[in-house]
1. Looking only at the range 56-69, count how many residues are in contact (Cβ under 8 Å) with a residue 12 or more places away in the chain and more than 13 Å from the chain's Cα centre (by Cα).
2. Do you know which residues across the range 22-53 are in contact with a Leu (Cβ under 6 Å, 6 or more places away or on another chain) and not in a loop (DSSP other than H, G, I, E, B)?
3. Run Val62 past the list (1) in a helix (DSSP H, G or I); (2) under 27 Å from Glu12 (Cβ atoms); (3) touching a helix residue (DSSP H, G or I) at 6+ places or on another chain (Cβ under 9 Å) and report the number of the one that doesn't hold.
4. When you go through (1) outside any helix (DSSP H, G or I); (2) out of contact with any Pro (no Cβ under 7 Å at 6 or more places or on another chain); (3) buried (at least 18 other Cβ atoms within 10 Å of the Cβ) one by one for Gly105, which number turns out not to apply?
5. If Val86 meets every condition in (1) touching a strand residue (DSSP E or B) at 6+ places or on another chain (Cβ under 7 Å); (2) touching a residue at least 60 places away in the same chain (Cβ under 8 Å) apart from one, which number is that one?
6. Filter the range 12-30 down to the residues that are of a type in the set (S, T, N, Q) and buried (at least 19 other Cβ atoms within 10 Å of the Cβ) and list them by number.
7. List the residue pairs whose Cβ atoms are under 8 Å apart, where the first residue sits in the range 93-122 and is within 13 Å of Leu64 (Cβ to Cβ), the second is assigned to a loop (DSSP other than H, G, I, E, B) and of a type in the set (Asp, Glu), and the two are 6 or more positions apart or on different chains.
8. If I ask for residues that are in contact with a helix residue (DSSP H, G or I) (Cβ under 8 Å, 6 or more places away or on another chain) and outside any loop (DSSP other than H, G, I, E, B), which ones from the range 2-21 would you list?
Amino acid sequence: MNKPTLVIGASENPERYASMAINMLKSYRHDVMALGKKKGMYSGVNIETDMSAFQDKPLDTVTLYLNPKNQEALYDKIIALNPKRVIFNPGTENDDFQDKLKENGIAFEEACTLVMLRTGQY
């Protein structure tokens, strides 16, 4: 089943885990959107720099590849997108943001998107 996913922390560098996630999500036939520091294109996916690009898009999952300090500015914007869940990949775990997600009824997991896809848990 297609789960439209927003990858936050995307870049054009193929060695970054966010880039690997974009590739793998596409290979599992999920619609992929990407947010990064710089506009660009990776694996046929536009990397946007402004959250407003995703406002009117159906969204199932947000998967984070940003450290907790860099997540702060995005808390309200991610919540406004109203995803079904947010995945905190290794190194992105953030109790403050998780509390805010809980308050807004948004599920979250501390997990690795790549492992979840490979093991059928996505």
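1. Filtering the range 56-69 for residues in contact (Cβ under 8 Å) with a residue 12 or more places away in the chain gives 57-68.
Among the residues that remain, those that are also more than 13 Å from the chain's Cα centre (by Cα) are: 57-58, 68.
The qualifying residues number 3.
2. Applying the first criterion (in contact with a Leu (Cβ under 6 Å, 6 or more places away or on another chain)) to the range 22-53 yields 24, 28, 32-33, 48.
Selection gives Met24, Val32, Met33, Glu48.
3. In the conditions (1) in a helix (DSSP H, G or I); (2) under 27 Å from Glu12 (Cβ atoms); (3) touching a helix residue (DSSP H, G or I) at 6+ places or on another chain (Cβ under 9 Å), Val62 misses (1) alone.
4. The failed condition is (3).
5. (2)
6. Just the residues of the range 12-30 that are of a type in the set (S, T, N, Q), to begin with: 13, 19, 23, 27.
Listed by number, the list holds a single entry, Ser19.
7. Glu110/Glu93
8. Thr5, Leu6, Val7, Ile8, Gly9, Ala10, Tyr17, Met20, Ala21 - these are the residues of the range 2-21 that are in contact with a helix residue (DSSP H, G or I) (Cβ under 8 Å, 6 or more places away or on another chain) and outside any loop (DSSP other than H, G, I, E, B).
Rule-based calculations on the coordinates, nothing more; no lab input. What you are looking at is a predicted structure, and each value in this text was computed from that prediction instead of being measured. Counting neighbours? That spans all protein chains shown, and the Cβs are built from the backbone with ideal geometry, glycine included.
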